[in-house]
Amino acid sequence: MVETGKIYRELMELEELLKEKGKKLTPSDREIVELYSNTDNMPRLTWNNDFVIIHANKAFLDKLGYELSDLLNKPLFNPDGTSNFITGESLPSSYATVKKNLKKGAEWVQGVINSWYAKDGSVVKVEWTLGFNHTKKGFGTAQCKIA
């Protein structure tokens, strides 16, 4: 069982780190990110500095059964410390990775494994194999393997 108070404290710490960064993705950056994502055959997800989903490619959508409209502009982390996508058991390690990346400003995302809810309600393992968080540019993106 995941302790709600601990998740809330983690979320508050994330919010403080986000306030320090403040960089937003420009429209031209967003176009480049979408083009890059759409040419990738591996499932790929892209988020902004507020950890709101800004793009998912077809491979990602197909693996989890979502439409782009199901994910677009939705937060990875809810204000109450939960997630509509990441399971409760995976939230503590997800928060730890995010905090590490925010403190560095830019960081490779590799070897992170968490569980996600597919659209049909099933739980699938997502292994983030290659990507980055670049808070100075305003976004992060990563390829993944979805079991």
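Any read-out appearing in this document is the output of simple, stated calculations on the displayed coordinates, not a laboratory observation. No experiment lies behind these values; they were computed from the predicted model shown. Reconstructed Cβ throughout: ideal geometry from the backbone, glycine too, with neighbour counts over all protein chains shown.
Which shape class, rounded, prolate or oblate, goes with the range 47-147 when its Cα gyration tensor gives a ≥ b ≥ c as root eigenvalues, a/c under 1.5 marks rounded, and past that a/b bigger than b/c marks prolate?
It comes out rounded by the Cα gyration axes.
At a Förster radius of 22 Å, what calculated FRET efficiency corresponds to the Cβ-Cβ distance of LYS145 and GLU89, to the nearest 0.05? Working shown, then result.
Working: r = 19 Å, r/R0 = 0.86.
Rounded to the nearest 0.05, the efficiency is 0.70.
When the label point is put 7 Å from the Cα of ILE113 along its Cα-to-beta-carbon vector, which residues of the range 72-91 have a backbone N closer than 14 Å?
90
Could you please rank PHE139, PHE51, PHE60, placing first whichever residue has the fewest other Cβ atoms within 10 Å of its Cβ? Walk me through the intermediate numbers first.
Details: PHE139 21, PHE51 17, PHE60 25.
Lowest to highest Cβ neighbour count: PHE51, PHE139, PHE60.
Would you work out the charge dipole size for the range 40-99 about its Cα centre, treating the Cβ of every Lys and Arg as +1 and the Cβ of every Asp and Glu as -1, and quote it to the nearest 20 debye?
Numbers: 5 positive and 7 negative charges, 30 e Å.
Taking the Cα centre of the range 40-99 as origin, the dipole is about 140 debye.
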